[in-house]
Structures are given as C-alpha cells and as structure tokens.
Amino acid sequence: MNEVIIIGGGVAAFSAALFAARRGLSVLVLGKDIGGQANFTDVIENYPGLPRVGGNELVESIKKQALGFGAKFETAEVSKIRKAPGGNFIVFAYGKQYKSQSIILAFGKTPKDLDVPGEEEFKGKGIVYCGICDGPLFKNKIVAVVGVGDLAIEEALFCAKFAKRVFLLSKTDKIMGHPALVKAISKKSNIEILQFVRVEEIKGRSEVESLKLLDLKTNKPKHLPINGILVELGYVVKSEFVAGLVKLDQNSQIIVNPDQSTSCEGIFAAGDATNRPYKQATISAGEGAAAGLAAFDWLMRQRSGQGLTSDWTQIKKVKIKK
C-alpha cells in the first residue's frame, strides 16, 4: 500500500514526489514517459535560477532529487482509478493494480498535432508548441506559425520579437482574430501572411528545414524554407480516465482548489492538467510542491486530526502511524 501515487512524468509530478517523499511518505510515480511536455523543449530559458537548461535535463534533475528522498518510479500508462472500500484508491495500469491512500494527478496536457508526415520526427528539433516557452530559440531565424484564432496571432507577434521572419499560415484569405491583434499583425514588417495554404509535410535532415505546402487555390504544391515551425492548434487534457472521479471544466481540465485539492477527498492535482490559466514549467513545479504538501497534510489529518503546522520547517522524515 502506497501513501501517495502520483500520475505523470513531468515537472509537476516529480516536484510533487520530491515534497511528499521529503516528508517521509511512501511515494510511487507512475508515468507513461519521463519529461512529458518538457521533452519537446530543447532549451528552457525562463526557469528561475537556471538561465538555460534542457527540458528533459530539468525533469531528470527533479526526478533524481525525488528518488533521493525515497520516491519510486515505474513506467506505466494509467487507464483507470477506482475508489476502494475504506477510502483508499486502486490504480490500474498496464494490467497491474496499485493501491494508495491518496492520489496526485499531474499528467499534464497534450498539444494538438498537425498530423502530417515529419511531425513526430522533428518534435523538439524545430517543431515547438509554445511560443512563450520557445519563441526566443528562433532568434534571427525564419519560422512558420500554424494555428487558428487569437492564439496563433499572439504567437506570431511574440515570435516576431526574435525571429528574422515569421510566416503566418492561413487556409483562407483572412486571419480570424480580435481586430486589435489583426491590426498589430499588419504593422509588423517581419510577419508575412501566406493565404490559402495547408501544411502537407515537414522536411529536414537533423532539424526542420522546410515545409511542403499545398496551395488550396491552384491545388499545386509549394516549398517554404524555414528553420522552425510553431504549432498553435490548442491543447487537450486527456482526463477521460478520471472523468467520473473528479470534477472537470468544459475543457476537460481538473478543477482544483487553492491547496491543489480536487472535488474528491484524497485526490489532488497539479500542473498543466488543472484549470489554472498559466502553463509554464516553473508554475507546474510550484503546484506540484503544493500538491505534495497538501497530500501530506491530508493524510496527517486523517490519522491524527492534526495537519501540517508549517511548510518551512526542515522536516526530512516524519513517522506516521499506520
């Protein structure tokens, strides 16, 4: 029986594991992979205290800290969580069952893909899904932005601060978005709108080098040399497996309280899978830490009626009566 099972393999998951394990809880992290969204980010430049760090390198570092305090990790994709008699939880993954007294959901969000040839091959090698995270990587380079609505326009405007040239691709003759944003686009000399085009293939050798486009008016192929492509088609939270367990919002995001607790007693959530508006690695780390402490506090109250008295005492091991 675990005291905490954490579902996910990114910054939020291992930050939660670090803080829960440091409080002496038995912690098991179940993740389909290690890194999560960070795997698609070669360089993170906005994580406090680390001017420049690889996404996977950051997650591995937090994971190492968490394991150092006794947390355990297993590669597994969770398919179902069931509440068991007595208030515990049963987690189903890869044909196995895991029991836990509490759960932290930290499985993140998934960006919508273009679903074209070359996309899987060049993820993290010129293809990015977050302009705020990765826009500075395109400094003095040529980048294409593929997306819809205000989000795509905002990403193009942000990338234009760094890139030599930005191509904003559109399947029609208009860019749909807020008038103020459309006007801002027209004033940017390094942003060019390519009308009536659709991405057919992403090409390159070790990194993205060009796009194969289809001219939707002539039905003829076009070649666009670029150094990178930003995909902004929105994100999805694959939370179907907890839909009957915790409350979700209209975007399938997990609704959390200020202490990262959910609508289900004993289940907490952190990171990009929650309904918090900002999706950044440093925010996920903070939420993960809070979820780890909240799970500890909740378990303490269940057993002794007394919770966490402070979050700054240097407690490395806490013995809790079973």
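Does anyone have the angle between helix 11-22 and the longest principal axis of the chain? Alpha-carbon axes, 0 to 90°, nearest 10? Between the helix axis and the principal axis of the chain, the angle is about 20 degrees.
Less than 5 angstrom separates the built amide H of Ile6 from those of Leu28, Val29, Leu30, Ile104, all sequence-distant by 5 or more or on a different chain. Angle of helix 149-159 to the longest C-alpha principal axis of the chain, folded into 0 to 90 degrees and rounded to 10: 80°. Apply the a/c threshold of 1.5 to the C-alpha gyration tensor of the chain and tell me whether it is rounded, prolate or oblate. Because a/c hits 1.5 or more and a/b exceeds b/c, the chain counts as prolate.
For a quick check of your reading of the filter: which trypsin sites (Lys or Arg not before Pro) in region 12-87 sit in a DSSP loop and have no more than 11 other Cβ atoms within 10 Å? Those that pass, being in a loop and sparsely packed, are Arg52.
Model label sites at Lys80 and Phe196, defined 7 Å from Cα along the beta-carbon direction, differ in position by 5.2 nm. GNM on the chain, alpha-carbon springs under 10 angstrom: the most fluctuating residue among Lys171, Lys220, Lys112 is Lys220.
For region 198-284, trypsin sites (Lys or Arg not before Pro) are listed when DSSP marks them as loop and at most 10 other Cβ atoms sit within 10 Å of their Cβ; the list is Arg205, Lys217.
Overall, the chain carries a charge dipole of about 580 debye about its Cα centre when +1 sits on the Cβ of Lys and Arg and -1 on the Cβ of Asp and Glu, all other atoms neutral. Full extension of the chain segment joining Tyr278 with Arg301 gains 5.2 nm, where the gain is 0.36 nm per residue of separation less the Cα-Cα distance.
3J(HN,Hα) along region 28-36: 10, 9, 10, x, 5, 8, 10, x, x Hz, from the Karplus curve 6.51 cos²θ - 1.76 cosθ + 1.60 with θ = phi - 60°, whole Hz, x for Gly and Pro. Each helix, a run of at least 4 DSSP H residues, gives -39500 (n - 2.57); summed and divided by the residues of the chain, these come to -7000 deg cm²/dmol at 222 nm. Amide H contacts for Gly24 (H built 1.01 Å from N in the peptide plane; partners 5 or more residues away or on another chain; cut-off under 5 Å): Val318. Using Cβ point charges alone (K and R +1, D and E -1), the dipole size of region 119-232 about the Cα centre works out to roughly 460 debye. Considering only Gly305, Gly204, Gly288, the Gaussian network model of the chain with Cα springs below 10 Å gives its largest mean-square fluctuation to Gly305. Highest GNM mean-square fluctuation among Ala38, Ala243, Ala160, for the chain modelled with Cα contacts below 10 Å: Ala243. Derived scalar couplings between HN and Hα for region 270-276 equal 8, x, 5, 7, 8, 8, 5 Hz in order, rounded to whole Hz, by the Karplus curve 6.51 cos²θ - 1.76 cosθ + 1.60 (θ = phi - 60°), x for Gly and Pro.
In order along region 278-289, the phi-based Karplus estimate (6.51 cos²θ - 1.76 cosθ + 1.60, θ = phi - 60°) of 3J(HN,Hα) comes to 9, 10, 9, 4, 5, 6, 4, 5, x, 5, x, 4 Hz; Gly and Pro are listed as x.
Taking amide hydrogens as placed 1.01 Å from N in the peptide plane, the amide H of Lys112 sits under 5 Å from those of Leu233, Gly234, Tyr235, Val236, each at least 5 positions away in sequence or on another chain.
Coordinate-derived values only; no laboratory data. Predicted model, so just to flag it, every value in this text is computed and none were measured. Every residue, glycine among them, receives a Cβ derived from its backbone with ideal geometry; neighbour counts consider all protein chains shown.
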